[in-house]
1. Sorted by average packing, counted as other Cβ atoms within 10 angstrom per residue and highest first, what order do 764-776, 221-233 take?
2. Count the DSSP beta bridges whose two residues both fall in the chain, then state the antiparallel fraction as a percent rounded to the nearest 5.
3. Once both axes come from the Cα atoms, what is the angle between helix 251-264 and the longest principal axis of the chain, in degrees from 0 to 90, rounded to 10?
4. Over the Cα atoms of segment 639-678, what radius of gyration and what Dmax do you get, in Å?
5. Take each of the peptides 279-287, 739-747, average the number of other beta-carbon atoms within 10 Å over its residues, and list them starting from the highest.
6. Mind checking which lysines have their C-alpha under 19 Å from Lys663, skipping anything on the same chain fewer than 8 residues away?
7. In sequence order, what are the phi-derived ³J(HN,Hα) couplings for segment 159-165 according to the Karplus relation 6.51 cos²θ - 1.76 cosθ + 1.60 with θ = phi - 60°, rounded to whole Hz, with x for glycine and proline?
8. For the chain, what is the convex hull (Cα atoms) projected area averaged across all directions, in square nanometres?
Amino acid sequence: MENNYLAHVNYKNQSIQSVKEHLDNTTEFAKSICPLSNLKNIIEAECKLHDVGKLREKFQTDMLNVLKLGDDAHKGGIDHSTAGGRLVRELMGENEFSDLLSLLIYSHHGLNDCISLDNGKTLNEIRDDNDIEYELVKSRLFELYGEDYIKELLAKAKEDFDCIDMQVKKYVKDHKKGYGSRYFFMGMYFRLLLSMLIDSDWSDTESFFSGEPISERLTDTENVWKRSIDYFENYISEVVQNNKDNGEKLKIYRQEISDICKNAAYDNKNLYRLTVPTGSGKTLSSLRFALHKALNDKKQHIFYIAPFNSIIEQNSNEIRAAVGDENIVLEHHCNVVFDDDEEDKEYEYKKLTEIWNAPIISTSAVQLLNTLYSGSKSSVRRMHTLCNSVIIFDEVQAIPDKCKELFNLAVNFLTQFCNTTVVLCSATQPSLTRIKENNICDCYEMVPDFNKYYNAFKRTNIIDATNICPNGMSISDLKDFVLDKLETEGSVLVILNTVKCAIDVFDSLKNEDIPVYHISNNMCPANKMDNLDKINKALKDNQKIICVSTQVVEAGVNFSFDCVIRSKAGLDNVIQAAGRCNRHMTLGRKGNVYIVYMNNDDERLSCLEEIKSSQKALQKVLDDFKNNSDYFDSALDSQIAIKEYYRSYFYHFPEDKMKFPIKYGTIVEFLGKDNIARKQFESTHNNIKTNILFGQAFKTAGNGFEVISNDYKVPVIIPYDDKAVEYIDCLRDDKYMSISKKMSILGKLQRYTVGIPAYRRDKLNNAVECINNEILILSSDYYSKEVGVLDEPELKMLFIN
């Protein structure tokens with residue numbers, strides 16, 4: 001009987017999967033990957049009921065047609081998710097639990113808004129209007145499992161729901177106001193439960209069509225952590241301590257910090273701050289903590305999260321070397337590429353990144369925040385892997401302002417309810433001064449004696465040079481200033497706020513009798529890495545050089561200049577820039593870091609509100625420092641200076657700026673109580689107020705969530721080298737290639753891609769070739785390996801015989 005009802009069919013090999021088989025497989029797999037035992041009954045209920053709508057006659061007829069006539073006979077859009085949700089509400093009544101479970105079932109093919117922002121109807125009301133052969137589906141389901149079994153299943157799930165709801169209520173009561181609401185955290189539980197349903201549903205479906213068993217997930221990582229710790233401890237003592245490039249004077253302090261971090265792993269806490277100076281070995285110290293914490297607390301994964309791909313690439317290599325096994329480290333970002341003869345590796349990599357199935361995952365803040373908030377089903381799918389893990393956020397100050405409250409709430413949810421340990425790392429920790437609401441919970445300071453290590457790693461003097469030119473420096477003024485410092489101090493790193501200003505300064509210097517380099521996002525990643533290699537080689541050979549860059553080099557780039565010049569921005573930017581100066585204290589003196597002010601005609605910040613706000617906050621610190629330097633411990637990078645900077649920076653913030661504003665409201669509001677939707681409900685229902693727990697606009701919030709806005713950004717591929725040209729020719733010549741092959745080639749071309757504004761794309765006009773109406777290729781005449789994309793063609797030298 002159970003094989004009479006079809007869930008999936010494969011026309012090619014005439015294989016079938018029954019509804020019961022799919023529901024059972026999905027359930028068992030979801031329970032096996034569930035990291036929190038108090039969710040297993042809810043998971044079993046959502047999995048058993050998510051596809052019961054496939055029992056309807058209309059769907060069965062469709063499957064038989066596909067089996068007989070092929071995939072072209074398939075009728076898409078047959079509603080098979082409403083029936084399960086309606087059954088839950090019938091058997092359990094209208095309550096908060098049935099709202100959650102029905103919402104999970106409705107949403108396994110994509111997020112929904114609980115209340116329509118258009119018409120004020122609840123999702124239940126909308127689904128109740130659907131014709132789904134409900135009575136037939138219900139009778140067939142009870143044939144398969146029995147009515148008593150389904151009712152008992154739902155009763156157990158309700159008990160789990162009451163338990164987690166009680167925990168959330170207690171948390172909200174204990175923390176009073178200001179650390180997140182019941183609405184928000186129960187909404188996060190919804191997303192977490194949905195993540196396991198989607199993962200299991202997709203995994204079983206893929207297994208059926210591929211004919212391969214579901215890929216095994218990590219279960220026991222204890223031996224991985226033991227092996228990694230053994231190798232790591234030897235690596236620290238034998239390799240790191242004996243590396244002369246790490247600076248002899250600082251080794252003892254780096255080792256002290258590392259030992260403190262290791263010991264902290266045995267504390268019974270889940271939320272830490274690691275505030276240590278730049279160059280103090282933060283990556284390896286935090287990794288050492290994570291390995292010991294993972295072993296001691298039986299964690300499933302370690303996540304290393306960085307704001308920029310350049311940091312991820314660099315630190316992923318460092319992590320692999322430190323644990324001694326590259327196979328346990330998954331590096332997930334767009335610049336990971338494989339050679340043409342590594343198709344198997346590329347396929348395996350894509351499978352791993354879909355589900356983050358590795359002990360150690362090194363990825364970007366964008367990827368992690370997408371996993372928590374994006375509307376993409378592939379992002380939702382990964383969320384459960386964050387539970388029972390250790391997450392290290394490097395350079396946490398780089399989290400965008402608009403994401404601040406969402407970030408705080410995510411950290412609170414993970415550490416308070418998901419058995420996850422979080423470490424917030426930075427040399428310039430944002431102030432934990434309370435904001436009006438949605439604060440982060442109290443953090444344990446992993447290295448409490450910051451001043452001891454601040455003094456030990458004090459390698460630079462930060463100097464206010466903003467008044468050299470009262471109206472701001474011109475390009476010519478800055479050129480003269482750079483050349484003077486080159487003559488008196490040595491190699492110079494110059495960091496500007498805009499790409500155009502950086503290129504203009506580079507152009508003004510490149511004809512001097514000195515090597516000059518440029519780094520910015522106007523260049524493709526391959527070009528940036530090549531230039532970084534040249535810069536590091538020149539510095540290692542003690543050449544005098546100049547590098548003119550944007551803030552892309554500020555964090556995580558391990559080079560060391562004798563002098564740094566930073567265009568005025570935030571104090572955090574200045575201190576990060578200072579980390580590229582006299583990095584290993586090899587100058588025999590403190591390196592100088594100069595803050596300069598560029599005139600608006602040359603730097604053009606009129607549309608860059610965050611930088612302008614940062615400048616204002618820094619200017620207040622500079623003015624106060626000038627009047628009373630003793631208050632700041634006579635240093636612009638002191639802890640009191642950082643505290644006063646953030647106090648000033650956030651003081652003038654608009655109330656909604658940290659709540660991620662989007663059209664019609666903010667994401668924090670849409671994922672919380674969502675008064676906007678509730679008002680719409682009232683206007684539709686004769687001003688009747690609703691107290692429902694699940695009124696969130698999950699779909700609207702997910703669609704609006706974008707960490708780095710790509711508005712007006714157009715990706716263009718650069719024919720940078722022979723390999724890039726070869727890939728481009730493949731796309732150009734094979735108009736009928738398979739989607740999988742095209743995606744593989746486009747993946748390899750990520751490291752040759754630059755995002756440019758739409759207006760610039762229009763200006764380039766015929767310099768950009770369009771392949772297959774979608775892929776844009778820039779003419780090589782409009783790209784310079786010195787500065788990247790050009791607005792005018794580069795003049796080529798002509799030789800005439």
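The values are calculated or read from the model by the stated rules, or taken from the named source; none is laboratory data. Keep in mind that what you see is a predicted model, and the values were worked out from it rather than measured. Positions of Cβ are backbone-derived with ideal geometry, glycine not excepted, and every protein chain shown enters the neighbour counts. Heads up: the accessible areas ignore ligands, DNA and RNA and are worked out on the full protein's heavy atoms, side chains in. Shrake-Rupley method; radii C 1.70, N 1.55, O 1.52, S 1.80 Å.
1. Values: 764-776: 13.1, 221-233: 17.0.
Final packing ranking: 221-233, 764-776.
2. Working: 19 of 69 bridges.
Here the share of antiparallel DSSP bridges comes out near 30 percent.
3. Roughly 20 degrees between the two axes.
4. So, for segment 639-678, Rg and Dmax equal 14.3, 44 Å respectively.
5. 279-287, 739-747
6. Straight-distance partners of Lys663: Lys402, Lys404, Lys673, Lys679, Lys699.
7. These are the phi-based 3J(HN,Hα) values: 5, 5, 4, 4, 5, 5, 5 Hz.
8. On the way: hull surface 151.6 nm².
Computed as one quarter of the Cα hull surface, the answer is 37.9 nm².
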